[in-house]
Amino acid sequence: MFDFAKVTNWIDALLLSFLPGWAATLVECVLVALAIITLYAVFAIILIYMERKICAFFQCRLGPNRVGKWGSIQVLADVLKMLTKEIIDMKNVDRLLHKMAPFLVIVASMLTFACLPWNKGAEVLDFNIGIFFFLAAGSIGVVGILLAGWSSNNKYALIGAMRSGAQIISYEVSIGLVMLTMIVLTGTMSFSEICQQQADLGWNIFRGHVPAVLAFIIYLIAGNAECNRGPFDMPEAESELTAGYHVEYSGMHFGFYYLAEYLNLFICAGIASTIFLGGWAPFHVPGLDGFNHVMDYIPGAVWMVGKTFFVVFLLMWIRWTFPRLRIDQLLALEWKYLMPMSLVLLVLMAICVSLGLTL
Amino acid sequence: MSNNNYFSGLFSGIKSLLVGLGVTMKEFFTRKITEQYPENRKELKMFDRFRGRLVMPHNENNEHKCIGCGLCQMACPNGSITVTTEMLDTDDGKKKRSLVKYEYDLGCCMFCELCITACPQGAIEFCTDFENAVFDRAKLVQQLNKPGSKVVEKKVAPKPEAPAAKPAPAAKAEAPAAKAAEPVEKKESNPETPTTV
Amino acid sequence: MTLDNIKTLEPSQLRAEMQGLKAKGFDYLSNLIGMDWGEEGGLGVVYCVENTATHEQAWLKTASTDREQPVLPTVSDLWDIANIYEREAYDFYGIIFAGHPDMRRIFLREDWVGYPMRKDDKPEEQNPLRMTNEPLADDTTQYDVQADGTVTTKKNVVFGPDDYVVNIGPQHPSTHGVLHFRVALDGEIIRKIDPVLGYIHRGVEKLNESYTYPQTLALTDRLDYLAAMQSRHALCMCIEKAMEIEVSERVQVVRTILDELQRIDSHILFFSCLCQDMGATTAFLYGFRDREKILDIFEETCGGRLIINYNTIGGLMADIHPNFQKRVKEFIPYMRKNIKEYHALFTGNVIFQNRSKGIGPLTKEQAISFGCTGGTGRAAGWANDVRKNHPYAAYDKVDFNQVLRESGDSFDRYMIRLDEILESLNIIEQLVDNIPEGNYKEKTKPIIKVPEGTYYQAVESSRGEFGVFLESKGDKSPYRLHYRSTGLPLVAAMHTACKGFKIADLVTIGGTMDYIVPDIDR
Amino acid sequence: MEVKKRAKIKSFPYEDFKDNETYEKLVQELNANGANVIVTQLDNLIDWGRSNSLWPLTFATSCCGIEFMAVCAARYDIARFGFEVTRNSPRQADVILVSGTITTKMAPVLKRLYDQMADPKYVVAVGGCAISGGPFTKSYHVLKGVDKIIPVDVYVPGCPPRPESFLYGMMQLQRKVKVEQFFGTTNKKQKEPKE
């Protein structure tokens, strides 16, 4: 397996060769930030294009196909338009909060984005409490949404934001519990170690068998709800609240919400693939050495991104099939079904691990 | 809610969701039905009876069949048609009505076909052209008779074409009657006859 | 049918008579039509009540000759729907209904001057285009006639200062057009709905009074554009009956087939829009995919996709296209197959079931009292199908079931429509191979004049009883041409159906009620 | 410097478009002052973006709205042009397709919606009703053409226009957007309705 740390170490050494330590760190930080922002934008564009195409295919139509080959640069056009669109200044809004809200959302989304381990040695934010940090950073987003709803001075936005608050906070319980279940299995909270472990011992979803598979499903449901995506898109529920919390946002401010929605989807899928599907760890079948060897040739980043897009596809499939829930049903689903189940899973997993029943 | 209900509800619910997912996945791989309009312009054919916009067919001698009776204008519910006529002296000393300008407002038309049914001469019909969007409202008011065109001489003209229908259409029988019944009202519908050019 | 036995009542006798009728089982007020009979005849109202058990109709009328302040007694306490019908009559004719709790305008702006449907009113002169925002009052006036004959007024509250009122519409994705609900919320729970109508009030009935009969036909397509065939069928039939024109068997059968195709079209669109409203966008596109097949059949034969413009007085605009039967026969099995897909994708879905079962129920009594005909009424168990009760066209020759359900909730309203698609397919299947030969159009006079009299014709349109009330003075234009809207009762019942449910349910209930706004506003 | 913009639309030859005279006039007007090359290139890029990303506001009052739904549906699929992202909030929409009759009661609402939209914004009058009042021209409660209250960019006649005419209208609008100048007048429009 190629270790990306070699590249980073080489850059580090190169910079240190002509810069003082603090300056080298500064330059590295800037470089990493740039890389992350670029990646963020690129993935957003890919995801939006992917969603529009996949949704079209589910709906027996073609989707964008006139801008560029197969409509491939459609989203670029959208971005260009959005960048040059007017941002409306409104009279009766809470100016500061109104302008701050989209940035909060995008910052939260970027922070969590930085948690993803891309390859062996290519983690941006990697602590021993990585999962904890991820959960904490992820919940900043809900503040942005609440602020957006509150500051817009619009009844629809307010209802949307309140729904969103209730929804995200509830579903974070399940997400936390499910992650805890997996921490019981892995014994670590650091993303890099989780991945390394899976590269050595096999993917968690296989190692943890029944409880892990169930946990994976619960995570997908709860994660989907965290991203406010259908069938849990209550906060923006088009047919009820027109556009929900971002109803008053225009131009690039709206663009931030739009981007964040897709990136949150990607992050949710990315974490799912890190924790359950091995992250950058290639697919190995014990006993088939030739096959495993071939698999090792595929770079870790490809594995990571491939798995993530697979999960994204699953989530899109769900989104474009189901009708939307109602807010009370959504909360009932969490508190009556998902939360008890994840508690049971946690116990089950603990039993499995302590009895050595994992694979 | 009993425990039994809780779990059976859960499982039947999950099953229904999976059935739904199956349906969409099947559609994902079926052929798409989209017709790609600007790309398929050449093959695209409208149904014959589709009403795109009103036209007045002219023959190769730049002649149309409109005698300017104004029945269509009267039949039109919302004034999309304005017929301007003038009185000309014919060779045998009679006065004869002749069409000057046949104006049709496409932006107002509601495609009810009353004008066509009313026309005793079969001079107007709907064509299947649908590409009509413009930038300027004034462009939607069209003059249907081509410049310099004149009415087909009666003797040469074939019978007005009846719409393709098998039983003797009522429209045809109705036409002469309508012509006879109308002359008084015809005048008040277009009182101002322009001066002869 | 010709109405030559309309009972004329003095306003003072009206309430007693109406109460008597109600007690005799005439529990469905199908029409309440404002009228202006000029100086002598006065301003009045024509009522039509129907006995839902025997389907017997009773027609009554009353009038007041006072043009300054015409006062008639209200019947809004006897039939719920009269509330909104009387507001309509007030709006258009300025007739005040004594005892009505809510005498506000309903279609026109509150600052509108005059009563446009009065024969002597000049609405355009008094009402220039007002670009100011519409004033919406939170209170309303009730007029009462005291024992000594004086009229007193009193204020009733629509929304109090403590109500959290959210405006849903007129520009809102799930109101299916420009409908405006003012909704008082308690958190997410709906406490009161006050519909504000008229955003697409196009004055069709007033226009009709200046149009010739063939011209009036053109507007019926645009009322309820998903029941264009049926509405136009109703008007044609009404005029034909009045003029005693017998249309051929062929026309009857073709009209029946097309009516049923239109019904399928409308129900598919109902399915699509409901799915869209509930967030299942994919099902929406499946519905539209199948709907295009019907539109192709329409377009090939009639020349229009949505505004079809096919029926005409005395028959049809043109004979059916040679491909017509072939296409229809291809469509029947195709649609039967796809209905199964709808059920698999959407009906069975646990999310949809939970969102629709038990949501927004209307009991049979409520449905009758509100006059919610069509699928909405039948979902509550009210057998109100005009095709069965007062057969017309070729419906007495075919064998079909009237689909009925019990609970009247959103799920039943939804299922009724999908089941009706299958019934309609059955009807078409029985007819499509046996279209008799005959004229496609009867000879009519060039200028159509309907003999003096009053006529009424109802058809079962896509969403209920669509009625045409025609009063003729023997001219080439109608004296009064009123359409019984299929959607107005549905909107009137929204408050009853939605109260106590959540704001998300408003979307479900509105979707399953299946109203079309231009038909409500006319 | 004479810079002449002339929009190209994929698979649709310039000559086949209707109303090219008005279009030429428009181009002349917009380019009266000329511009330098870099600005023009930037302009082209932005116009390309804008013209391919016209997100419509879901605004439908009557019959034409159903045809608009048909255009969005599988058979005609407006998504091919990238216009399927219908926004329900006017703040986020680029083009308002006035499809259906606008009554005098609705007129202030429409105006308000238009005012709420962010620049650059476009208006397409779809169908007879929006263009001139159409079938209801003689009615007392119908606005006789939306161009009386908001400036209209493209008129799509029909009652209702069939989906192809709809798409054709959208392509006409694309052509118009493609010749605008970002560094000029069109970004912040102070257009007034006719009359």
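The values are calculated or read from the model by the stated rules, or taken from the named source; none is laboratory data. Just so it is clear, the model here is predicted, and its values are computed rather than measured. Neighbour counts are summed over all protein chains in view; Cβ atoms, including those assigned to glycine, are modelled from backbone coordinates with ideal geometry.
Things to note:
- Filter result for the condition that a residue is surrounded by fewer than 24 Cβ atoms within 10 Å (Cβ to Cβ), within 14 Å of chain A (Cβ to nearest Cβ), over 20 Å from the mean Cα position of the chain (by Cα) and not aromatic (Phe, Trp, Tyr), over C:Arg182, C:Arg250, C:Arg191: C:Arg182
- The residue list C:Val350, C:Val386, C:Val398 contains one member that is touching a helix residue (DSSP H, G or I) at 6+ places or on another chain (Cβ under 8 Å) and more than 14 Å from chain B (Cβ to nearest Cβ), which is C:Val398.
- Restricting segment B:88-137 to residues that are of a type in the set (Phe, Trp, Tyr) and under 9 Å from the mean Cα position of the chain (by Cα), the residue that is farthest from D:Gly133 (Cα to Cα): B:Phe126
- Odd one out for D:Arg50 among (1) more than 9 Å from chain A (Cβ to nearest Cβ); (2) out of contact with any Gly (no Cβ under 9 Å at 6 or more places or on another chain); (3) not in a strand (DSSP E or B): (1)
- Cβ pairs under 8 Å, 6+ apart, first in segment C:342-363 and on the phi > 0 side of the Ramachandran plot, second of a type in the set (Asp, Glu): C:Gly358/C:Asp409; C:Gly360/C:Asp409; C:Gly360/C:Asp505
- Screening D:Pro161, D:Pro135, D:Pro151 for residues that are more than 20 Å from D:Val177 (Cα to Cα) and modelled with pLDDT of 85 or more leaves exactly one candidate, D:Pro161.
- Yes/no for A:Pro64 being over 27 Å from D:Asn44 (Cα atoms) and touching a residue at least 12 places away in the same chain (Cβ under 8 Å): no
- Scanning segment C:277-298 for residues that are farther than 22 Å from C:Arg327 by Cα and part of a helix (DSSP H, G or I) yields a total of 5.
- Just one of the listed residues (B:Cys115, B:Cys72, B:Cys76, B:Cys119) is within 13 Å of another protein chain (Cβ to nearest Cβ), under 18 Å from C:Leu219 (Cβ atoms) and without any contact (Cβ under 8 Å) to a residue 60 or more places away in the chain, and it is B:Cys76.
- Scanning segment C:433-448 for residues that are within 14 Å of chain B (Cβ to nearest Cβ), touching a residue at least 60 places away in the same chain (Cβ under 8 Å) and in a loop (DSSP other than H, G, I, E, B) returns C:Ile435, C:Pro436, C:Glu437, C:Gly438, C:Asn439, C:Tyr440, C:Glu442, C:Lys443, C:Thr444, C:Ile447, C:Ile448.
- C:Leu108 falls short on exactly one of the conditions (1) aliphatic (A, V, I, L, M); (2) within 14 Å of chain D (Cβ to nearest Cβ); (3) in contact with a Cys (Cβ under 6 Å, 6 or more places away or on another chain), and that condition is (3).
- When segment B:22-34 is filtered for residues that are over 13 Å from C:His343 (Cα atoms), part of a helix (DSSP H, G or I) and of a type outside the set (Phe, Trp, Tyr), the ones remaining, listed by number, are B:Met25, B:Lys26, B:Glu27.
- All positions within segment A:25-68 that are out of contact with any Lys or Arg (no Cβ under 9 Å at 6 or more places or on another chain), among the charged types (D, E, K, R) and either crowded, with 18+ Cβ neighbours inside 10 Å or under 30 Å from B:Gly22 (Cβ atoms) (or both): A:Arg52, A:Lys53
- Cβ-Cβ under 9 Å pairs, at least 6 apart or on other chains, segment C:397-414 side part of a loop (DSSP other than H, G, I, E, B), far side aromatic (Phe, Trp, Tyr): C:Leu404/C:Trp382; C:Arg405/C:Phe411; C:Gly408/C:Trp382
- Residue match in segment B:51-64 (condition: touching a residue at least 24 places away in the same chain (Cβ under 8 Å), away from chain C (no Cβ under 13 Å), in contact with a Ser or Thr (Cβ under 9 Å, 6 or more places away or on another chain) and small (Gly, Ala, Ser)): no
- Segment D:30-45 residues that are outside any helix (DSSP H, G or I), paired with ones that are of a type outside the set (S, T, N, Q) and at pLDDT 75 or above (beta carbon under 8 Å, 6 or more apart): D:Asn31/D:Val179; D:Ala35/D:Asp43
- Among residues of segment D:103-160, those that are assigned to a helix (DSSP H, G or I), of a type outside the set (Ser, Thr, Tyr), more than 8 Å from chain C (Cβ to nearest Cβ) and closer than 28 Å to D:Asn20 by Cα, counted: 8
- A:Ala23 vs. criteria in a helix (DSSP H, G or I), over 24 Å from A:Trp303 (Cα atoms) and touching a residue at least 40 places away in the same chain (Cβ under 8 Å): no
- Boolean, D:Arg91 is within 14 Å of chain A (Cβ to nearest Cβ), crowded, with 21+ Cβ neighbours inside 10 Å, among the charged types (D, E, K, R) and farther than 22 Å from B:Leu106 by Cβ: yes
- Filtering C:Arg387, C:Arg378 for residues that are closer than 16 Å to C:Thr486 by Cα, touching a strand residue (DSSP E or B) at 6+ places or on another chain (Cβ under 7 Å) and not assigned by TED's automatic domain parsing to the domain that holds C:Cys48 leaves a single hit, C:Arg387.
- C:Val151 being at pLDDT 80 or above, surrounded by 15 or more Cβ atoms within 10 Å (Cβ to Cβ) and not small (Gly, Ala, Ser): no
- Candidate set: segment C:497-522, residues that are under 14 Å from C:Ala184 (Cα atoms) and more than 10 Å from chain A (Cβ to nearest Cβ); chosen: the one nearest to the chain's Cα centre (by Cα): C:Cys498
- Pairs with Cβ under 6 Å, 6+ apart, first in segment C:283-312 and assigned by TED's automatic domain parsing to the domain that holds C:Thr256, second polar (S, T, N, Q) and assigned to a helix (DSSP H, G or I): C:Phe284/C:Ser272; C:Phe284/C:Gln276; C:Gly287/C:Ser272; C:Phe288/C:Ser272; C:Asp290/C:Asn338
- Filter result (of a type in the set (Val, Ile, Thr) and loosely packed, with under 15 Cβ neighbours inside 10 Å) within segment C:107-148: C:Val113, C:Thr132
- Counting the residues of segment A:248-299 that are touching a residue at least 12 places away in the same chain (Cβ under 8 Å) and outside any helix (DSSP H, G or I) gives 15.
- Boolean, C:Tyr334 is part of a helix (DSSP H, G or I), away from chain D (no Cβ under 14 Å) and hydroxyl-bearing (Ser, Thr, Tyr): yes
- Boolean, A:Val79 is surrounded by fewer than 16 Cβ atoms within 10 Å (Cβ to Cβ) and not in a loop (DSSP other than H, G, I, E, B): no
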